[in-house]
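The values are calculated or read from the model by the stated rules, or taken from the named source; none is laboratory data. What you see is a predicted model; the values in this text were computed from it and never measured. Note that each Cβ is placed from the backbone with ideal geometry, even for glycine, and that neighbours are counted across all protein chains shown. SASA here: full protein model, heavy atoms, side chains in, ligands and nucleic acids out. Shrake-Rupley method; radii C 1.70, N 1.55, O 1.52, S 1.80 Å.
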Amino acid sequence: MTADLGHGFVVPAPAVVSLPVVGRAARFPVRRIYCVGRNYLAHIREMKEAEDERDPPFFFQKPRDAIVPDGATVAYPADTDDYQFEIELMVAIGAPARNVPVAEADSVIFGYGVCLDMTRRDRQRECGAKRLPWERGKAFDASAPCGAVYPKGTGGNPAKGAITLAVNGVETQRGDLDQLIWNVPEIVSNLSASYQLEPGDIIMTGTPAGVGPVRPGDVIIGAVEGFGRLTLTIGAPEA
Ligand code: MN
């Protein structure tokens, strides 16, 4: 095949991935997905794998095309027998940032929302035990359900508010944003010390205690006070 595809690319170009914005017709385009690990003490304790629970939080990434929208059904993924949910506050970055001080971090935030850090827990634990990268456990297809973005000032308080998750109507996770080990400005400041942040970056800020597995047919509803809710249905296993 010699013809181009009409836009100067030799194979089809990836689609722009974006999230709806509350109160706006325009959408939030996603560039990168950063995630914070170990950011609630109660979750560190339930995982029982930190060598020292005072070890600081850390970052990993998911691919942006792992995003699935609110209300979606996702297939139970391949490569796991322990597919788990983690409810998290999402931060949406609206301006470039590098080495931003904690006191100025708010100025680069566009808004907030609800997201799920879906996890193949068996693969994550194996990778950790073998000192291998976490990708198989964390960065797989459809592992990043995300809700709408609430522009800063239109939603709740990112420093204080309930963060909860229910499976089939039964609450399994409950925490409060005031339990974050690194709060939102500290996350943005720390992340910007290692990476050039750009508009379109989103950050999953860590999960409270109560994580657990789901099975085909389960319906997950996650919520963060003032930032809406996110529903995910687990479908049949991937063919
Ligand atoms: Mn997480």
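Only residues that are within 16 Å of the ligand (Cβ to nearest atom) and either small (Gly, Ala, Ser) or surrounded by fewer than 23 Cβ atoms within 10 Å (Cβ to Cβ) (or both) were counted across segment 80-89, and they come to 3. Exactly one residue out of PRO77, PRO56 is open to solvent by 30 Å² or more (accessible area, probe 1.4 Å) and in contact (Cβ under 8 Å) with a residue 60 or more places away in the chain, and it is PRO56. Among the residues here, ASN190 qualifies as open to solvent by 30 Å² or more (accessible area, probe 1.4 Å) and either more than 30 Å from TYR76 (Cβ to Cβ) or within 15 Å of the ligand (Cβ to nearest atom) (or both). Residues in segment 151-187 that are open to solvent by 30 Å² or more (accessible area, probe 1.4 Å) and among the hydrophobic types (A, V, I, L, M, F, W, C): ALA159, VAL170, ILE181, TRP182. Filtering segment 203-237 to residues that are under 19 Å from ILE67 (Cα atoms), small (Gly, Ala, Ser) and not in a strand (DSSP E or B) leaves GLY206, GLY228. One residue alone among ALA92, ALA103 is modelled with pLDDT of 95 or more, surrounded by 16 or more Cβ atoms within 10 Å (Cβ to Cβ) and of a type in the set (A, V, I, L, M, F, W, C), and that residue is ALA92. For segment 134-150, the tally of residues that are open to solvent by 20 Å² or more (accessible area, probe 1.4 Å) and in a strand (DSSP E or B) stands at 1.
Residues of segment 151-168 that are closer than 23 Å to GLY235 by Cβ and either assigned to a loop (DSSP other than H, G, I, E, B) or at pLDDT below 95 (or both): ASN168 alone. Within segment 212-239, being over 14 Å from the mean Cα position of the chain (by Cα), among the aliphatic types (A, V, I, L, M) and open to solvent by 10 Å² or more (accessible area, probe 1.4 Å) holds for VAL219, ILE221, ALA236, ALA239. Within segment 11-30, being in contact with a His (Cβ under 9 Å, 6 or more places away or on another chain) and either surrounded by 14 or more Cβ atoms within 10 Å (Cβ to Cβ) or hydroxyl-bearing (Ser, Thr, Tyr) (or both) holds for no residue.
Against the definition (under 22 Å from ILE220 (Cα atoms), touching a residue at least 24 places away in the same chain (Cβ under 8 Å), among the polar types (S, T, N, Q) and within 12 Å of the ligand (Cβ to nearest atom)), how does GLN124 come out, yes or no? No. Restricting segment 193-211 to residues that are of a type in the set (S, T, N, Q) and within 16 Å of the ligand (Cβ to nearest atom) leaves a set whose member that is surrounded by the fewest Cβ atoms within 10 Å (Cβ to Cβ) is THR205. Is it true that some residue in segment 182-199 is part of a strand (DSSP E or B) and within 17 Å of GLY156 (Cβ to Cβ)? For segment 182-199, residues part of a strand (DSSP E or B) and within 17 Å of GLY156 (Cβ to Cβ): absent.
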